[in-house]
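Working notes, beginning with the structure itself.
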Amino acid sequence: MKRLDHPSTAVDMALLEAVKSDDRLNAYHISLYTALLYYGKGIRQIPFHASRRKLMGFSRIKSGATYHKCLRELISYGYLDYHPSFHPQQGSRIVLTATTVPSDDDR
């Protein structure tokens, strides 16, 4: 297996720790969030563009309804900001925002 030396590995781990500790998330959420980390290179607060097709393929989510439900919940839980794009080549604008698990007051 090829070793990846990625400069944002520490950020990836911090974000994954936040996701791991959140009991509201299931395997689909975690898979989609992992895809978002991959395409966003794990960098918080920097917008990136990704298409539904790429995110669904990477996360192995087959159903559009499941994808949109998980995306909507990740947004409402404060893990990301999402601005849809209707341009066929550009992809939607996404910003990873989570740094810690939201408190019980935020849930």
Anything in region 40-65 that is hydroxyl-bearing (Ser, Thr, Tyr) and crowded, with 17+ Cβ neighbours inside 10 Å? List them, or say none.
Ser59
So which residues in region 57-68 are farther than 16 Å from Ser92 by Cα and either touching a Leu at 6+ places or on another chain (Cβ under 9 Å) or touching a residue at least 24 places away in the same chain (Cβ under 8 Å) (or both), if there are any at all?
Ser59, Arg60, Ile61, Thr66
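All of the numbers you see were taken from the coordinates with simple rules; none came from a lab. None of these values were measured; they are calculated from a predicted model. Ideal geometry is used to build each Cβ from the backbone, glycine not excepted, and the neighbour counts take in all protein chains shown.
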